[in-house]
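Visitor: Take this structure first; my questions come after.
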Amino acid sequence: MPAEKLPIHVVILAGGRGTRFWPRSRTRTPKQLLNIIGKQTMLEQTVARLRPLISPDRIWSVTNSEQAAALKKQLPAASRKRVLTEPIGRNTAAAIALAAIHIRHTAKGDALMAVLPADHFIAQPEKYRSIVAAALSVAREPGRMVVLGIPPSRPETGFGYVERMGEPLDPSGFPVFAVRRFTEKPALGVAQEYVASGNYHWNAGMFFWRVSTFLENLKRHLPQTHAALEKLVDAIGARTYEKKLRAIYPKLENISVDYAILERATQTVRPPQVFVIPAEIGWSDIGSWAAVYELLAKKPAENVFAGSGHALDASGNFLYSPSKFIAAIGVHDLVVVETPDALLICPRGHAQDVAKLVKELESKK
C-alpha cells in the first residue's frame, strides 16, 4: 500500500428528480430535498452520516440549476461552496468526472474520492462509516476501484447486480472480493438464480477510488469526455468558467459510470481492478411510496399515518396528509398522499407507476 497521505473528498450525486414521489416531489424540490423518512431530508441524512468521517469543506454535491439554491440551504456552510451545477444532465459518468477535476484542482494533486447518492436510507450509520473507511483503504492502492454491494434480501428485478469471485482479500477487517462482472436489471428467474448463488450483490451506486485512478479510466474508456473536461480546468475559479462549462457540457457522453467505466474495467483489465465489499447496513434506495411504507410499518398490514388519522376495518395503507385528518374505512393496501395542490391515490402495488403518471402529466403540460 502507498504510504503517502491522501485527503478524502466525498461527492454526493444530488440531481435526481424523484418522480415516483409525486405529488410531494417536484422539479425544484425532488426526493433528496424532502423529509421522506424522519425529520431530516434525505440529503441532510446523507451529510450527517458522513460528518464524523469528512470535514464539510470536502463534501461536494453535483446538482442542476433548478435545484441548486434549495440544495445549498440544506448543506453546512463550508459545503455550499462545493456545489457543482450541471448546465444539462449528462448522467453519472459526466457528473463524477466534473467533480473529479474540481477535487484535483482543490487538492492540488491526488485525493481519495467517495461517490454517494443523496437519497438513500441507511439504518446502521456507524457500521456504514466503518465500511466506507475500509473501502477508502482498499481504494488507496493505485488502479483500484471499489463498490459497496448490498446482500440481496429478495430476487429484486429493479436493481443492477455485482457478481463477486474468488476468495476475499482482508486488508481492512471487512471481506473484499474481486468483481467478475456487473449485470443489468434481470428477469425474475435470473434474479432468483443470483440470490440463490450467494455470489451476487445489489449495486447501490456507492463508489470509491483515487481521483487519478478515476481520471485514468475516464481517459481510457471515455476519451472525448476526458479531453473536454481537461479544457475546463484552467477556467476553474475564473469569470469564464460558467460560459466554458455551458459550451463543453452538452458535448459530453450521456452514460452512467457503471456502463462507461466499471463494466468495461471488469472486461478488459487483469489482474482485477474492481472490488466489492458486502455491506449489510439496513440499506434502501426508497424507490417509491411503497418502499416508505415498508420501512415505517412495524408489523404486517399496519396502517401508517404520516399525519393525524384513524382507520376502521382498514389495513396496509400509507396515508400522508400533514394538514388534514384522514379517516380510512374498509380500504386496504393503498397509498394516499395529499399536498396543497394535488392528491395521489393508488394501490401500494402500483406505487412504481407514479413515475409514468408524472411523465404523462409533463407530456400534457
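The values are calculated or read from the model by the stated rules, or taken from the named source; none is laboratory data. Model, not experiment: these values are computed from the prediction. Heads up, the Cβs are rebuilt from the backbone with ideal geometry, glycines too, and the neighbour counts pull from every protein chain shown. What goes into the accessible areas is simple: the full protein's heavy atoms, side chains included, and nothing from ligands, DNA or RNA. Shrake-Rupley method; radii C 1.70, N 1.55, O 1.52, S 1.80 Å.
Visitor: Could you tell me whether Pro7 is open to solvent by less than 40 Å² (accessible area, probe 1.4 Å) and free of Cβ contacts under 8 Å to residues at least 40 places away in the same chain?
Guide: Answer is no for this residue.
Visitor: Could you run through region 153-178 and say how many residues are under 17 Å from the mean Cα position of the chain (by Cα) and not aliphatic (A, V, I, L, M)?
Guide: Of the residues in region 153-178, 4 are under 17 Å from the mean Cα position of the chain (by Cα) and not aliphatic (A, V, I, L, M).
Visitor: Pairs, please: C-beta under 7 Å, at least 6 apart or cross-chain, first residue more than 13 Å from Phe207 (Cβ to Cβ) and in region 259-272, second among the aromatic types (Phe, Trp, Tyr) and modelled with pLDDT of 90 or more?
Guide: Thr266/Phe182
Visitor: Can you name the helices (runs of 4 or more DSSP H) wholly within region 234-329 that have at least 1 residues being among the polar types (S, T, N, Q), touching a strand residue (DSSP E or B) at 6+ places or on another chain (Cβ under 8 Å) and surrounded by 15 or more Cβ atoms within 10 Å (Cβ to Cβ)?
Guide: On the way: elements: 241-248, 263-268, 289-296.
Of the helices (runs of 4 or more DSSP H) lying wholly inside region 234-329, those with at least 1 residues that are among the polar types (S, T, N, Q), touching a strand residue (DSSP E or B) at 6+ places or on another chain (Cβ under 8 Å) and surrounded by 15 or more Cβ atoms within 10 Å (Cβ to Cβ) span 263-268.
Visitor: Residues in region 237-288 that are under 30 Å from Ser130 (Cβ atoms), over 22 Å from the mean Cα position of the chain (by Cα) and of a type in the set (Val, Ile, Thr): how many?
Guide: Result for region 237-288: 1.
Visitor: Can Gly16 be described as touching a residue at least 24 places away in the same chain (Cβ under 8 Å) and either closer than 26 Å to Ser212 by Cα or in a loop (DSSP other than H, G, I, E, B) (or both)?
Guide: On the way: touching a residue at least 24 places away in the same chain (Cβ under 8 Å): yes; either closer than 26 Å to Ser212 by Cα or in a loop (DSSP other than H, G, I, E, B) (or both): yes.
For Gly16, the condition - touching a residue at least 24 places away in the same chain (Cβ under 8 Å) and either closer than 26 Å to Ser212 by Cα or in a loop (DSSP other than H, G, I, E, B) (or both) - is met.
Visitor: Oh, and also: Filter region 19-51 for residues that are part of a helix (DSSP H, G or I) and either over 16 Å from Gln352 (Cα atoms) or of a type in the set (A, V, I, L, M, F, W, C) (or both) and give the result.
Guide: Across region 19-51, the qualifying residues are Phe21, Gln32, Leu33, Met42, Leu43, Glu44, Gln45, Thr46, Val47, Ala48, Arg49, Leu50.
Visitor: Cβ-Cβ distance below 7 Å, separation of 6 or more or different chains: which pairs start in region 73-86 with a residue that is without any contact (Cβ under 8 Å) to a residue 24 or more places away in the chain and under 21 Å from Ile248 (Cβ atoms) and end on one that is buried (at least 19 other Cβ atoms within 10 Å of the Cβ) and of a type in the set (S, T, N, Q)?
Guide: Val83/Ser61; Val83/Thr63; Thr85/Thr63; Thr85/Asn64
Visitor: Among the residues of region 119-142, which ones are in contact with an Asp or Glu (Cβ under 7 Å, 6 or more places away or on another chain) and open to solvent by 40 Å² or more (accessible area, probe 1.4 Å)? Please lay out each step first, then the result.
Guide: The initial filter retains those residues of region 119-142 that are in contact with an Asp or Glu (Cβ under 7 Å, 6 or more places away or on another chain), namely 120.
Residues satisfying the conditions do not exist here.
Visitor: Hey, another quick one. State the number of residues belonging to region 52-67 that are in a helix (DSSP H, G or I) and either without any contact (Cβ under 8 Å) to a residue 12 or more places away in the chain or of a type in the set (D, E, K, R) (or both).
Guide: Taking region 52-67 and keeping what is in a helix (DSSP H, G or I), we get 56-58.
Adding the requirement that they be either without any contact (Cβ under 8 Å) to a residue 12 or more places away in the chain or of a type in the set (D, E, K, R) (or both) leaves 57-58.
Qualifying residue count, region 52-67: 2.
Visitor: Are any residues in region 72-118 in a strand (DSSP E or B), open to solvent by less than 40 Å² (accessible area, probe 1.4 Å) and over 11 Å from Ile12 (Cα atoms), and if so, which ones?
Guide: Answer for region 72-118, where residues must be in a strand (DSSP E or B), open to solvent by less than 40 Å² (accessible area, probe 1.4 Å) and over 11 Å from Ile12 (Cα atoms): Glu86, Leu112.
Visitor: Shifting gears a bit: Take Met42 and decide whether it is hydrophobic (A, V, I, L, M, F, W, C) and either surrounded by fewer than 23 Cβ atoms within 10 Å (Cβ to Cβ) or modelled with pLDDT under 95 (or both).
Guide: Criteria not met by Met42.
Visitor: Just to be sure before I move on: is Ala99 in contact (Cβ under 8 Å) with a residue 40 or more places away in the chain, hydrophobic (A, V, I, L, M, F, W, C) and in contact with a Gly (Cβ under 8 Å, 6 or more places away or on another chain) in the structure I sent? Reasoning before the result, please.
Guide: Values: in contact (Cβ under 8 Å) with a residue 40 or more places away in the chain: yes; hydrophobic (A, V, I, L, M, F, W, C): yes; in contact with a Gly (Cβ under 8 Å, 6 or more places away or on another chain): no.
Considered against the rule, which asks whether it is in contact (Cβ under 8 Å) with a residue 40 or more places away in the chain, hydrophobic (A, V, I, L, M, F, W, C) and in contact with a Gly (Cβ under 8 Å, 6 or more places away or on another chain), Ala99 comes out as no.
Visitor: Same structure again: Out of region 330-355, which residues are in contact with a helix residue (DSSP H, G or I) (Cβ under 9 Å, 6 or more places away or on another chain), open to solvent by 40 Å² or more (accessible area, probe 1.4 Å) and either in a helix (DSSP H, G or I) or under 15 Å from Trp22 (Cβ atoms) (or both)?
Guide: Arg348, Gly349, His350, Gln352, Asp353
Visitor: Further question: Output the qualifying pairs, or none if there are none: Cβ atoms under 8 angstrom, residues six or more apart or on different chains, first residue in region 343-365 and of a type in the set (S, T, N, Q), second residue in a helix (DSSP H, G or I).
Guide: Gln352/Arg20; Gln352/Ala290
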